[in-house]
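The values are calculated or read from the model by the stated rules, or taken from the named source; none is laboratory data. Just so it is clear, the model here is predicted, and its values are computed rather than measured. Neighbour counts are summed over all protein chains in view; Cβ atoms, including those assigned to glycine, are modelled from backbone coordinates with ideal geometry. These accessible areas exclude ligands, DNA and RNA; they are computed on the full protein's heavy atoms, side chains included. Shrake-Rupley method; radii C 1.70, N 1.55, O 1.52, S 1.80 Å.
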Protein chains: 2
Amino acid sequence: MQKILILGAGMSSSTLIRYLLDHSGDNNWQVTVADRDYALALSRVGGHSCGRAVSFDMNDPGSSSHLIGSHDVVVSMLPARMHSRVARYCLEQRCHMITASYVSDEMRTLDGPARETGIALINELGVDPGIDHMSSMKLVDNIRSQGGSIQLFMSSTGGLMAPEYDNNPWNYKFTWNPRNVVLAGQGMSMFIRNGRYKYIPYHQLFTRTQSTTIPGYGRFEVYPNRDSLKYREIYGLENIPTIFRGTLRRPGFCEAWNALVQLGMTDNSQEIKDLKGMSWRQFTNSFLRYDPEEKVENKVCQYLNLKHQGEVMKKLQWLGLFEEQPVNMQHGTPAQILQNLLEEKWALEKGDKDMIVMQHKIRYTLKDQLKEVTASMVVKGREAPHTAMAITVGMPVAIAVKLLLTGIIKGTGIQLPTRPAMYNPILRELETNGIRFTENTEVL
Amino acid sequence: MQKILILGAGMSSSTLIRYLLDHSGDNNWQVTVADRDYALALSRVGGHSCGRAVSFDMNDPGSSSHLIGSHDVVVSMLPARMHSRVARYCLEQRCHMITASYVSDEMRTLDGPARETGIALINELGVDPGIDHMSSMKLVDNIRSQGGSIQLFMSSTGGLMAPEYDNNPWNYKFTWNPRNVVLAGQGMSMFIRNGRYKYIPYHQLFTRTQSTTIPGYGRFEVYPNRDSLKYREIYGLENIPTIFRGTLRRPGFCEAWNALVQLGMTDNSQEIKDLKGMSWRQFTNSFLRYDPEEKVENKVCQYLNLKHQGEVMKKLQWLGLFEEQPVNMQHGTPAQILQNLLEEKWALEKGDKDMIVMQHKIRYTLKDQLKEVTASMVVKGREAPHTAMAITVGMPVAIAVKLLLTGIIKGTGIQLPTRPAMYNPILRELETNGIRFTENTEVL
């Protein structure tokens, strides 16, 4: 009997655990679900005969190490900063490990020790990073194997609402970590276009959007991600003239989000001083010039050059930023205060279903023809708790566990799913589970 | 004989050293000037019979401690981050210390030990901080002693060029630390106006300027400093409805600087990737949308909504940002690259003289009358190396050394020059040296 340990039973582990339990009988697996919240672990196991729930705290090194040591493969769905501690236990206990997160610098130092020990530390195996790597590399490798030469690579992903549940003026609710959404893009964004490096400071990011269409799902806008350049090395596209990675939103989102950025409401560097008794209207006013004779709405429109009846003002009004309701926080930065508001306004309602959207465009020359392939994926959430996010993060991880335990995935040390030996079997099985890309190639 | 040690013989120590040497004969002082650069220390002493130059490296703890121990008072003109190390040596060796810098958190922890040891650690005794504290507190204390109630406190300082040497389109050259000028205002600025807290994010800072006039010197613009709020506690103005501290520039500077901020050229978070062989025109273009058909100048005007023939474009053009000249750096952030350019364009020419400008406005009610006092100071540079900066930073420090050694300044522990016992004698002697405020009180 092979033993699988899942650390962390949160929302994004739900589909992963379901898949492993569903396949446990055929494969003679025992699936242990470990969480600080025992009741949550128990509910994920749902009484399955091959499942077992345990309570577990990473801060207790003795029992963490012991728990990990009694399994063949560990999936860490804990917060990303904990992965390298888990990896050290896996090294001690000679146990494989899989995560859906970016390889941290600390994790990277464990590559050598993992190779020596003969264990695999497989990372970046969720949706973004994960499905993006696999589907991109399949396209890239396919073009190169035919002798094609790639000139442009653009790839974007978004976590949005399924159209049927997309019912607020922002066309957005929180399906990913709210803090990451509020702070997205801070710093400087970098990409390269036709050989020209491009740098966009945070306060311009949401004005520098592009537009794209996903067949059957309409138009989206794309804002640039922080560092598109590092993907040149990861994908072996070192001399490519154009590489761009972005985040997808519904049209109009970025212009309105930019208004919050311009006001200063996404700043996370200073705490607001006089929160006690402050209303949302006063919060908004604290970013505007002093003029008690002028309405707050008018000052916002003048400051940001907005139309009073325009779409941006409608979105700001819908958030309640001009209301006399109290902020009800004791202290916080503008970003923390805004996040608090958005967590209420952008909360998922019961029955809401989300949607993960991903699109790659690759332009290449093959036999003197300039071509462009567009590959688009849309995954919608299913019955709770299987959100599109849980499905697209959990399925690749779950499939990798199976392939690792059945010996189809081999290798030791740090691994990303960028090699055909890993991405081909995973993508094939994702397809049979409804996670597939629609490809369209045009001659330009 | 009393012994004075000056650590650091840079430009800003020049007037300080001159004053102390000039007064050394009458007071029976020995003045030691210590610097890593022995020749520089020697040139500052200029062969004076009461002066002595020594070479000195803070990284050599034994000789640093020994050097400090053989003096009665130490003036640290070293970079601010070194002051707390100097202070520790002063504690060990029971020696007073004076700096022109803000009290750091680390310095603050030495207050108790300094009191126990019976030594004074006097800080914030340059121009800003320094002369600003003393002149403000004199006004504030004077109003309060008459029974007045203060409603508004605004104070601004600028290091600029004397009008006769103010000969470039920016009306600006570097007379202070260039790095601090390039990065000024990053983060969020905070002040309070008529009881309303105001927060300005960096990317709006240079659009939120005010205007003021200094009699005989014309108009200036003022942008808000980072944290005006902390001065409420320092000046005992806890419940004041309006407090604002700012930086003075000549009109038009802020609008043009804002263009650099909006482009992203002051970003210090990411290194530019392709500096090798890059021209200034390409550097500018890397912040603009990709469009090889469009002139870089046109793209800047469209992006920032500027007039082609306007003052801002003239200033950008004067900097050479549209030239094909090479950037000539191997690596760097946009802010570092811009600083490199500005250090060339905004360099002081031989014979150039600078100017320090400071202005306070205090509005108060006294015997049912609403009044406003405006106090303005202008100090121009004298013959090299006595810049206005060196004079205004060095003179208060030098006078404090004298007052400390003659027993007029007393007290132990961390001290700021906000008490009458310290600011009155220093301001009096500054006046006799031509550093004085012109006051004007109006009934509103």
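Worth a mention:
- A from B by rotation - nearest chain B beta carbon to the axis, in Å: B:HIS203, 2
- From its DSSP helices (H runs of at least four residues, each -39,500 (n - 2.57)), chain B gives a residue-normalised ellipticity at 222 nm of -10000 deg cm²/dmol.
- Extension gain from B:LYS273 to B:ASN180, taking 0.36 nm per residue of separation minus the Cα-Cα distance: 31.1 nm
- Close amide H partners of A:ILE119, meaning residues 5 or more places away or on another chain with modelled amide H under 5 Å apart, are A:GLY413.
- J(HN,Hα) series, the range A:145-161, from Karplus relation 6.51 cos²θ - 1.76 cosθ + 1.60, nearest Hz, glycine and proline x: 5, 8, x, x, 10, 8, 9, 9, 9, 10, 8, 9, 9, x, x, 10, 8
- Ellipsoid fit via the Cα gyration tensor, the range B:257-345: semi-axes of 20, 14, 13 Å, each the root of five times an eigenvalue, largest first.
- Here the accessible area is traced with a 1.4 Å probe on the protein chains. For the protein assembly as shown, carbon and sulfur cover 46 percent of it.
- Inter-site label distance for A:LYS367 and A:MET329 at 7 Å from Cα along Cβ, in nm: 6.0 nm
- Label 7 Å beyond Cα on the Cβ vector: A:ARG94 copy-to-copy distances, nm: 6.7
- Ordering of A:124-132, B:106-114 by burial proxy (mean other Cβ atoms within 10 Å per residue, highest first): A:124-132, B:106-114
- Straight-distance candidates among the lysines for linking to A:LYS402, with alpha-carbon spacing under 19 Å and chain neighbours fewer than 8 residues away dropped: A:LYS3, A:LYS410.
- Shortest first, B:GLU311 label-point distances to identical copies amount to 3.7 nm, with the label point at 7 Å from Cα along Cα→Cβ.
- Teacher prompt: A:GLY434 distances to equivalent labels in other copies, 7 Å Cα→Cβ, nm: 8.4
- Sequence-distant contacts, meaning Cα pairs under 8 Å at least 6 residues apart, place the relative contact order of chain A at 20 percent.
- Distances between placed amide hydrogens fall under 5 Å for A:SER286 paired with no residue 5 or more residues away or on another chain.
- Alpha-carbon radius of gyration plus Dmax, which is the widest Cα pair, for the protein assembly as shown in Å: 32.4, 100
- Among the residues of A:288-295, the average count of other protein chain beta-carbon atoms within 10 Å of the residue beta-carbon is 3.
- Take the accessible area of A alone and of B alone, subtract that of the pair with a 1.4 Å probe, and the total buried over both chains is about 3400 Å².
- Take every DSSP beta bridge whose two residues both sit in the range B:1-139; close to 5 percent of them are antiparallel.
- Taking the DSSP beta bridges with both ends in chain B, the antiparallel portion is around 60 percent.
- Set of the range B:205-231 residues, backbone N closer than 14 Å to the point 7 Å along the Cα-Cβ line of B:THR438: B:213-220
- Choice from A:MET395, A:MET82, A:MET190 showing the highest fluctuation, given a GNM over chain A with Cα pairs closer than 10 Å: A:MET82
- Cα-based helix-to-principal-axis angle, A:420-432 vs chain A, degrees rounded to 10: 70 degrees
- Averaged over its residues, the range B:257-345 has an accessible area of 47 Å² per residue, based on protein heavy atoms and a 1.4 Å probe.
- Angle in degrees between helix B:334-345 and the longest Cα principal axis of chain B, rounded to the nearest 10: 80 degrees
- On a per residue basis, the convex hull of the C-alpha atoms belonging to chain A measures out at 161 Å³.
- Separation between Cα centres of the range B:378-398 and the range A:91-158, rounded to whole Å: 60 Å
- Here the 3J(HN,Hα) profile of the range B:131-142, calculated from phi with Karplus coefficients 6.51, -1.76 and 1.60 at θ = phi - 60°, is 4, 4, 4, 5, 5, 5, 5, 5, 5, 4, 5, 5 Hz, Gly and Pro shown as x.
- A:TYR290/B:SER211 FRET efficiency (R0 22 Å; Cβ-Cβ; nearest 0.05): 0.90
- Rounded tilt (10° steps) of B:388-405 against the dominant C-alpha axis of chain B: 20 degrees
- For the range B:189-208, accessible area lost to neighbouring protein chains reaches 40 Å² or more, against the chain alone with a 1.4 Å probe, at B:MET190, B:ARG193, B:ARG196, B:TYR197, B:LYS198, B:TYR199, B:HIS203, B:GLN204, B:ARG208.
- Shielding by partners for peptide A:234-246, expressed as the average number of C-beta atoms from other protein chains within 10 Å of each residue's C-beta, is 0.
- Relative to one another, the C-alpha centroids of the range B:214-262 and the range A:1-58 are positioned 59 Å apart.
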